[in-house]
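Participant: Please read through the structure below; I'll follow up with questions.
Readers should treat all values here as calculations from the given coordinates under stated rules, not as data from a laboratory. Predicted model, so just to flag it, every value in this text is computed and none were measured. Neighbour counts run over all protein chains shown; Cβ positions are idealised from the backbone, glycine included.
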């Protein structure tokens, strides 16, 4: 299962977008680094870095590849509307162009919950803000 | 009669074997005590992948730590149940975190398996690098070895079970040194771990005096002769000047050395026979059975302590992300896969059984320590064994509520027979600082990310 999930996430890649539950307009900025746990049969920690300017989101996600310990960075673009987020990106260097779509919403505990879709596969995730330290 | 030197060895054919404590050394020992007190030996054991009891469902079922704190705890549902015969020596510390093992930056996210082992005994956050610019912290065992190891032949020993690969990067931008070493002599100096019992044995007992040709040594090995054969004359000479108690003690000790050596020879013979191996890439001295490998490593540690060749051991029992199976445990499935149990009850329970199996190997060490005389008591009286993991809930790669316990009273510094539950958010480093203080390093004010000193005696009624 682990290999299956990793393969999905790796060989394919990012893209996507859509919204989710409501968030107040004065919701905190989503800018920063998020520790995202992709929940297949196995939780895969992934770095999601976001930058918010008004309703526009840009960022990157470091997706694991089939080689243990290696990741590939995928650029993301999207938007946030009323608390929901939608992001998508295209995996470069894959055999076929693959889109990953991230949907989610910030909950009251400050955690983003949603799904990551890679091609026809969809995985739930939760993402906690990383307290960056030097 | 002149007292026998604590440094006396059996010599012959260029080999030298250190001696256990003997009554004939008493005047020397008394002098040593007067100056420095009874020395506590230290064994630091790291097991990777946290515990089932650190996961939410495992916490509710008390799969690692018992429900009750204080002295009236029940180990039955826990993975620690095999320690029941030693509960009077046992200090369980639960609910502590290893924050330095967490990612501090975006590029560190996901690298937990490749970073955590470097944190276990240093409680320091490793610098993410695959180059020579390694940086972690000085490990607990090395701080202690700096105090008590200077007077022993080997200041400290570092041993492990799984293969290590100290060269190059292991993943997520981390050097394999972070993944494979738990002992750090300096923040930039990890110490290599020895996996092969033969090499450990030779370092402890097979030291060849300068001038002995390597060819002679090889021929002895080829003939499968014992290291004891090399020192027979010296041993006979020593026996003649010992009393009956010392003669028996020396005989028991040498028999134990021989017994361990014989087991290593049996393993080597089997592994060199051409029979199929479960671990075909492993050196001939490494048993295919995990339990046998751990047991022989423990026996070597006890012999090393008995002979005072070393007083400090760091023992890495697993390797992060290893998917090794443990047929002896009765649990099917690989270690890493089970550690990602997905929070499913049945898989969490299977993982707990695996945790229990790993802990069940510790009583072998404790029994051996308990049956080995040391001064007025036994080695167990004068040893502190700590066991833990830098990971908590491995399913989500967190470092909260990590598994940790101590066995031994460190010469009276610890009370034993107690479960201490830390307040939420307590760094494991606080506990490790408490361990260092219990070992006599009470001049240390900080260790890793410690915020204070955890009181290992606790305030417990009864």
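Participant: Could you work out the mean projected area of the convex hull around the alpha carbons of the stretch A:86-132, in square nanometres to one decimal? Show your work: numbers first, answer last.
Facilitator: Values: hull surface 16.9 nm².
Over all viewing directions, the stretch A:86-132 projects a mean Cα-hull area of 4.2 nm².
Participant: Still on this structure: Could you run the Debye sum over the Cα atoms of the stretch B:228-361, one equal point scatterer each and no solvent, and tell me log10 of I(q)/I(0) at q = 0.10, 0.11, 0.22 Å⁻¹, two decimals?
Facilitator: For the stretch B:228-361 at q = 0.10, 0.11, 0.22 Å⁻¹, log10 I(q)/I(0) is -0.50, -0.58, -1.32.
Participant: Give me the angle, in degrees from 0 to 90, between the Cα long axis of helix B:26-36 and the longest principal axis of the Cα atoms of chain B, rounded to the nearest 10.
Facilitator: In chain B, helix B:26-36 runs at an angle near 30 degrees to the longest axis.
Participant: Take the Cα radius of gyration of the stretch B:42-81 and divide it by 2.2 N^0.38 Å, with N its residue count; two decimals is plenty.
Facilitator: For the stretch B:42-81, the normalised Cα radius of gyration comes out at 1.27.
Participant: Further, regarding this structure: Just to check, using Stokes-Einstein with a Kirkwood Rh over alpha carbon pairs, what's the diffusion coefficient of the stretch A:25-131 at 37 °C and 0.692 mPa s in µm²/s?
Facilitator: Diffusion coefficient, whole number: 235 µm²/s.
Participant: Rounded, prolate or oblate, given the Cα gyration tensor of the protein assembly as shown, with a/c below 1.5 counting as rounded? Present the calculation step by step, with values, prior to reporting the outcome.
Facilitator: On the way: a/c = 2.43, a/b = 1.88, b/c = 1.29.
Taking the square roots of the gyration eigenvalues as a ≥ b ≥ c, the protein assembly as shown is prolate.
Participant: Which percent, nearest 5, of DSSP beta bridges in the protein assembly as shown are antiparallel?
Facilitator: 75
Participant: Compute log10 of I(q)/I(0) for chain B with the Debye formula, placing one identical point scatterer on every Cα and leaving out solvent, at q = 0.05, 0.10, 0.12 Å⁻¹, to two decimals.
Facilitator: Ignoring solvent entirely, the Cα scatterers give -0.18, -0.73, -1.05.
Participant: Using only DSSP helix segments of four residues or longer, with each worth -39500 (n - 2.57), what per-residue ellipticity at 222 nm results for chain B after dividing by its residue count and rounding to 500?
Facilitator: Taking each H run of at least 4 residues, the total per residue is -10000 deg cm²/dmol.
Participant: Between the helical axis of B:244-271 and the dominant principal axis of chain B, each derived from Cα atoms, what acute angle in degrees is found, rounded to the nearest 10?
Facilitator: 60
Participant: For the stretch B:381-462, just the Cα set please: Rg and Dmax, both in angstrom.
Facilitator: 13.1, 39
Participant: In whole Å, what three semi-axes, largest first, describe the equivalent ellipsoid of the stretch B:309-443 built from its Cα gyration tensor (square root of 5 times each eigenvalue)?
Facilitator: Largest first, the stretch B:309-443 gives 30, 20, 12 Å.
Participant: Roughly what % antiparallel, to the nearest 5, for the DSSP beta bridges in chain B? If you can, show how the numbers build up before the last one.
Facilitator: On the way: 20 of 42 bridges.
Taking every DSSP beta bridge with both residues in chain B, the antiparallel ones total about 50 percent.
Participant: Given labels modelled 7 Å from the Cα in the Cβ direction, how far is it in nm from residue B:255 to residue B:5?
Facilitator: For residue B:255 paired with residue B:5, the spin-label model returns 3.0 nm.
Participant: To the nearest 10 degrees, how steep is helix B:428-438 against the longest Cα principal axis of chain B, on a 0 to 90 scale?
Facilitator: Rounded to the nearest ten degrees, it is 30.
Participant: Take the Cβ-Cβ distance between residue B:248 and residue B:455 as r, set R0 to 51 Å, and report the resulting FRET efficiency rounded to the nearest 0.05.
Facilitator: 0.75
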